[in-house]
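Worksheet: one structure, shown below.
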Amino acid sequence: QVDLVETGGGLVQAGGSLRLSCAASGHTFDNYAMGWFRQAPGKEREFVTAVSWTGSSTYYADSVKGRFTISRDSAKNTVYLQMNSLKPEDTAVYYCATHPSLDALVDSRANYWGQGTQVTVSS
């Protein structure tokens, strides 16, 4: 049983910050890339960011570059998403996902998905 559990979502005003966490259990993800996706109401799920299993490589969607930062703590099997300067258009359900290949994850292909956490940014 593999579980990815996201926490840290909530309601924040525009310009504010949130930090999401995704804790993985049931599997060792040392050789897995990990990433975040989001899905806004009425829209398709989209790639946000991903990090390689070493933490040395990261990718970001253009819409979040300079505002969001992904990091991981392999010892804790946890990946984080620090979101700053939040905008109303960042409102979505945020999902954690993982895949052995960073390129595959960036291409929105994942082996495992979390259940999602809601982020709402008010104007």
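The values are calculated or read from the model by the stated rules, or taken from the named source; none is laboratory data. None of the values given here were measured: they were computed from a predicted structure. Reconstructed Cβ throughout: ideal geometry from the backbone, glycine too, with neighbour counts over all protein chains shown. Only protein heavy atoms, including side chains, enter the accessible area calculation; ligands, DNA and RNA are left aside. Shrake-Rupley method; radii C 1.70, N 1.55, O 1.52, S 1.80 Å.
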Carbon and sulfur %, accessible surface of the chain computed with the full protein complex present, 1.4 Å: 45 percent
Residue-span extension gain [T54 to A23] - 0.36 nm each, minus C-alpha spacing: 9.5 nm
Derived scalar couplings ³J(HN,Hα) [the range 95-112; Karplus, 6.51 cos²θ - 1.76 cosθ + 1.60; whole Hz; x for Gly, Pro]: 10, 8, 8, 8, 7, x, 9, 5, 4, 5, 5, 4, 8, 6, 10, 9, 7, 9
For the range 68-92 and the range 1-22, distance of Cα centres in Å: 7 Å
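So what is the relative contact order of the range 13-123, in percent, for Cα pairs below 8 Å that sit 6 or more residues apart?
After rounding, I find 34 percent.
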Separation of the E46 and S122 label points, Cα + 7 Å toward Cβ, nm: 2.4 nm
Å² per residue, accessible surface of the range 1-72 at 1.4 Å: 53 Å²
Residue-averaged [θ]222 nm for the chain, counting only DSSP H segments that reach four residues, each worth -39500 (n - 2.57): -1000 deg cm²/dmol
Cβ-defined net charge surrounding R67, 12 Å radius [Lys, Arg +1; Asp, Glu -1]: -1
HN-Hα J in Hz across the range 2-9 - Karplus 6.51, -1.76, 1.60, θ = phi - 60°, x for Gly and Pro: 9, 10, 10, 10, 8, 9, x, x
Label-point separation in nm, Q1 to S108, each point 7 Å along Cα→Cβ: 3.1 nm
Potential extension, D62-K76 segment - 0.36 nm per residue separation minus Cα distance: 2.2 nm
